[in-house]
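Written below as structure tokens is the structure these notes are about.
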Amino acid sequence: MSKTILMGASAMLVLAVALGAFGAHGLKGHLSAELMQTYKTAVEYHFYHALGLLLLGALSLTMPSNLINLAALFLFVGIVLFSGSLYVLAISGIKWLGAITPLGGLSFIAGWILLFVAAWKKLPL
């Protein structure tokens, strides 16, 4: 599973860089300040959680755990739901997509809680 997590993290990081560059260069001047800030938030959270996936992939090499694997899945889904909905909202202006964003946020929270539980169960005090 470590290989899958690390490959997913790498793919998400490539996508974060590409979408960040697209926002900085391709969307500059085409979006309102508010929608540009929404897009930047999507990129920021995308990067943070893709780096979190990278961390989970590395941890799963030394501390194999179904909880870590599940945490990685939640972070991946969180990126798709949270950042994905904000990317589409910023570019399209479709406001109802903002209703999906909190589901991604909850997915991020669940992923980090699962990492906490995995560490609590697997590591000595």
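The values are calculated or read from the model by the stated rules, or taken from the named source; none is laboratory data. Computed from a prediction, not measured in an experiment: that's the story for all the values here. With ideal geometry, Cβ positions are generated from the backbone for all residues, glycine too; neighbour counts draw on all protein chains shown.
Name the one entry in Leu6, Leu31 that is farther than 21 Å from Trp120 by Cα and in contact (Cβ under 8 Å) with a residue 60 or more places away in the chain.
Details: Leu6 fails: in contact (Cβ under 8 Å) with a residue 60 or more places away in the chain.
Only one candidate qualifies: Leu31.
Within the range 104-113, does at least one residue satisfy the condition of being crowded, with 16+ Cβ neighbours inside 10 Å, over 12 Å from Ala42 (Cβ atoms) and more than 12 Å from the chain's Cα centre (by Cα)?
yes
Hey, any hits in the range 63-84 for a residue that's in contact with a helix residue (DSSP H, G or I) (Cβ under 7 Å, 6 or more places away or on another chain), over 18 Å from Ser10 (Cβ atoms) and modelled with pLDDT under 95?
yes
May I ask you to list pairs of residues, at least six apart or on different chains, whose Cβ atoms are under 7 Å apart, with the first in the range 52-72 being part of a helix (DSSP H, G or I) and the second being of a type in the set (Ser, Thr, Tyr)?
Correct list of pairs: Gly57/Ser2; Ser60/Ser2; Leu61/Ser2; Ile68/Ser60; Asn69/Ser60.
What number of residues within the range 105-125 are without any contact (Cβ under 8 Å) to a residue 12 or more places away in the chain and not in a helix (DSSP H, G or I)?
Matching residues across the range 105-125 total 2.
Find the residue count for the range 16-26, including only residues that are within 17 Å of Leu89 (Cα to Cα) and surrounded by fewer than 16 Cβ atoms within 10 Å (Cβ to Cβ).
Going through the range 16-26 one residue at a time, the tally reaches 3.
From the list Gly57, Gly78, pick out the single residue that is under 22 Å from Met1 (Cβ atoms), touching a Leu at 6+ places or on another chain (Cβ under 6 Å) and surrounded by 14 or more Cβ atoms within 10 Å (Cβ to Cβ).
Matching residue, one of Gly57, Gly78: Gly57.
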